[in-house]
Amino acid sequence: MQILEVIPIAKSARLETLSYFSAKKVSPGQLVKVPLRKKEVLALVTETKELINLKAQIKQASFKMRNVLEVYDHALFSPAFLKTCSQLKNFYLTTTGKIINETSPTWLQKETLALPLRKNIKNASYQHSVLHQKKNDRIIFYRSLIREKVLHGESLHIISPTKEDVDFLYAELSKNIEEKCFFLHSGLSQTKAKSTFKKITQEESPTLLISTPLFIDTYQHQQSTLILEEASSEHYIGFSSPFVDMRDFIEVYAKESSLSLISADSIIRPEIWYKIRNREADLIDPHIKKIFKEEKLILSKNYLPHEKKKTDTERYQELVKKNSFEILGGDAKMLIEQSLKEKKNLFLFVPKKGLASVIHCNDCGNIARSPNTGHPLSLFSKKGAKGIEYVFIAKQTGEKMPAFDTCQFCSGNNLNLLGTGTQSLEQSLIKKYPKAKILCIDGDHIKTKKQQESLKEKLSKEQGLLIIGTTKAFPFLKNISSSILVSIDPYFAILHRSLATKILKLVSTIIEKTERKVLLQIKNIVAENLPILQNGIFSSFIKKELQTMKELSFPPYKTLIAIKKEIPRVYLKREYQKMQNLLKDYSPEINVENSKKKSFLSLYVYLKVDTENWNYYYQDQKISSLLSPLSLKSEIRINPEYLNF
């Protein structure tokens, strides 16, 4: 009889290891099935002890030890994968089991597949390269690299952030190698995913695998290279605790596996460019020097700053005094009319869905807010039993209520709608161009697979469409002749640590998907804030971005640890002082915002720690001992993109 120390592969396990009895002889590294509360989960054995030596301790234990349910003779995960999870658990202030749970498919965690023994290529070593090219050029590079790898008998794994990206790459790269090219993502049924997974792992010749990040540890014969496609995409960041950034995970995994890593994108984020400058990564030639040609992106003259600059207050007052707000300027209208005349598809980008993002009272100056949480309300329309119904929604909390037409604060009826959404733009276009074929693509229009298939069919068959969409539309865009960025103003209100890069990535993506010209309407934010939108020169842009990161003590110069705690309003002063005293040695920056909960506030605490004291491989024990207890009742994120998550 043995006592096993195991790591449960489950999100609900709060402890790093748990103890179980085993009548069967087990060795460290083996998989076992164990009971965890009311569930049965797989667990990884880390240590074994003979029962005869621990009888006294067991009798005195305050808990009842349970038996292992089943023992497996094979390994489900590679040593490199497990070591990566073990390395990053302390970085993300969590457990190895939670990291495994978040970085592998759920169905695989319940499988007992016998996988081949992992073998590294002889003399292989980790090397990080950066491919800074436009998407079409990257496709050409991948085709050439695939031929080279096949010639040398080596496998290649391309990781993309979303299933739509995987489908696109598979369609582009699988021609003539269909038998050796595979894809895996969450859109596949479990039966199909398992079948493909088994086929790849049993293949004894070179293969090309294109997948989403959860399939990072899929075994391939003689694998030598990992490609991180769309490396600047925020889709790599986990949506639930411990909020693992899979770009970090993939980098550490490549090192532990002695694989070559290629980070590829049309816009390289500051963290990767920092590695290039410090000779931690090599830039593959040729690379982009100008993100776009000046004639491809046109800044609408209607919205460029006047000779006499106005303050934000003056512009705002001028806006609310107007009886009607023109969503589209003269240049935009001319481009729409030209596209309709030529029967070409035109894409109109808006950042948000709905009718209006802000409801402003012209009498008292207040904006409509949720009576429960105080969050701003946005206006939406929906089809109801009695026709079109109007509702207010607080986007941060999801609260819904019938729209009202009098001010909550002064009871005035002089409410004004501010901001542009997909619904308001659609209404404006229908009124202006009643005969035009208008298509709207946002989160409300592509909820089901049937809706997505119907949309793809329309886009492939019809021409002369006016396509309105948010970023949700990007995977579906094809045959777009011209594009209009109706507004990017809302982005400047986001608390994002690399906002300029985010905006540039957005503009660059639309340019890449557009055959001819792209028109950008800049309203309240003048063009001088982003010079690259005028000249397209990337080197000066990224140099300025890194300088800004350095001045703000943001990554890659510091490690940013963000703590969010939900507290009752009445305890604000106490909790604020408590955090200040607890973390005083690390100069905490504290911010307070409205919470999603009624009568609560969100307390944000930011620590900017030297990278040598908090990185993938080393974490200062004093900081860790302070933060670990906080993680039980607070949300902690490491290097978050958004500061008010």
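The values are calculated or read from the model by the stated rules, or taken from the named source; none is laboratory data. Since the model is a prediction, treat every value here as computed from it, not as a measurement. All Cβ positions, glycine included, derive from the backbone under ideal geometry; neighbour counts span all protein chains shown. Ligands, DNA and RNA are stripped out before the accessible areas are found, and what is left, the full protein with its side chains, is counted by its heavy atoms. Shrake-Rupley method; radii C 1.70, N 1.55, O 1.52, S 1.80 Å.
Residues LYS333, LYS11, LYS578 ordered from highest to lowest accessible area at a 1.4 Å probe: LYS578, LYS11, LYS333. Computed over neighbours whose Cβ is under 11 Å from that of LEU283, the net charge equals +1, Lys and Arg +1, Asp and Glu -1.
Remark: region 72-77, residue by residue, has Karplus-estimated 3J(HN,Hα) of 10, 8, 10, 9, 8, 10 Hz, where x stands for each Gly or Pro and the curve is 6.51 cos²θ - 1.76 cosθ + 1.60 at θ = phi - 60°. When you filter the GluC sites (Glu not before Pro) in region 145-219 for DSSP loop state and at most 16 other Cβ atoms inside 10 Å of their Cβ, you are left with GLU204. Calculated mean residue ellipticity at 222 nm for the chain: -9000 deg cm²/dmol, from DSSP H runs with n ≥ 4 weighted as -39500 (n - 2.57), summed, divided by the residue count and rounded to 500.
Within the chain, the cysteines lacking any other cysteine Cβ closer than 4.7 Å to their own Cβ are CYS85, CYS181, CYS440. Atom-type composition of the exposed protein surface of the chain places 50 percent of the accessible area on carbon and sulfur (1.4 angstrom probe).
Taking region 464-592, how much of its Cα-Cα pair set, in percent, is spaced more than 22 angstrom apart?
On the way: 4559 of 8256 pairs.
Tail fraction, whole percent: 55.
For region 124-204, the Kirkwood estimate of the hydrodynamic radius, built from every pair of different alpha carbons, is 14.3 Å. At the listed q of 0.18, 0.22, 0.23, 0.32 Å⁻¹, the Debye profile of region 603-645, built from one uniform point per Cα, gives log10 I(q)/I(0) equal to -0.58, -0.87, -0.94, -1.32. With all pairs of different alpha carbon atoms counted, what Kirkwood hydrodynamic radius in Å does region 231-286 show? It is 12.5 Å. What is the distance in Å between the Cα centres of region 259-301 and region 350-390? With region 259-301 and region 350-390 each reduced to a Cα centre, they are spaced 39 Å.
Here are some pairs, LYS11/LYS596; LYS289/LYS333; LYS255/LYS558; LYS98/LYS149; which of them have Cα atoms lying more than 28 Å apart in this structure? Numbers along the way, then the final one.
Values: LYS11/LYS596 24 Å; LYS289/LYS333 32 Å; LYS255/LYS558 22 Å; LYS98/LYS149 35 Å.
Those over the limit are LYS289/LYS333; LYS98/LYS149.
Against the criterion of solvent-accessible heavy-atom surface with a 1.4 angstrom probe, ILE267, ILE284 sort, most first, into ILE284, ILE267.
For each pair in LYS194/LYS449; LYS456/LYS478; LYS135/LYS513; LYS343/LYS517; LYS382/LYS458, compute the distance between the two Cα atoms and list the pairs where it is over 19 Å.
Working: LYS194/LYS449 21 Å; LYS456/LYS478 9 Å; LYS135/LYS513 10 Å; LYS343/LYS517 16 Å; LYS382/LYS458 23 Å.
Beyond 19 Å between Cα atoms: LYS194/LYS449; LYS382/LYS458.
The modelled label-to-label distance between MET1 and ASN372, using points 7 Å beyond Cα along the C-beta direction, is 5.3 nm.
Listed options for Rg/Rh (Cα atoms, Kirkwood Rh) are (1) 0.98; (2) 1.05; (3) 1.02. The value calculated from this structure is the one marked (1).
In this rough spin-label picture, where each label sits 7 Å from Cα along the Cβ direction, the HIS287-ASN591 distance is 3.1 nm.
Over region 118-267, the Kirkwood radius and the radius of gyration, each from Cα atoms, give a ratio Rg/Rh of 0.93.
As a length-normalised measure over Cα pairs under 8 Å and 6 or more apart, the relative contact order of the chain settles at 12 percent.
Here the extension length gained between ASP363 and LYS458 equals 29.6 nm, from 0.36 nm per residue of separation less the Cα-Cα distance.
Using per-residue counts of other Cβ atoms within 10 Å, averaged over each peptide, order 633-640, 533-540 from highest down. Write down the numbers at each step before the final one.
On the way: 633-640: 19.2, 533-540: 15.5.
Most protected by this proxy first, the peptides run 633-640, 533-540.
Charged neighbours of THR397, selected by a Cβ distance under 14 Å, balance to +3 (K, R count +1; D, E count -1).
Think of the chain as a dipole: +1 on every Lys or Arg Cβ, -1 on every Asp or Glu Cβ, centred on the Cα centre; then among SER634, GLN408, GLN202, GLN408 lies furthest on the positive end.
Cα centroid separation, region 413-479 to region 540-597: 38 Å. Each listed q (0.12 Å⁻¹) maps to a log10 I(q)/I(0) for region 395-500, found by the Debye formula over equal Cα scatterers with no solvent: -0.60.
Local charge for ASN413 was computed over the other residues whose Cβ lies under 15 Å away, with Lys and Arg +1 and Asp and Glu -1, and equals -2. Measuring with a 1.4 angstrom probe and ignoring ligands and nucleic acids, LYS400 comes out at about 140 Å² accessible.
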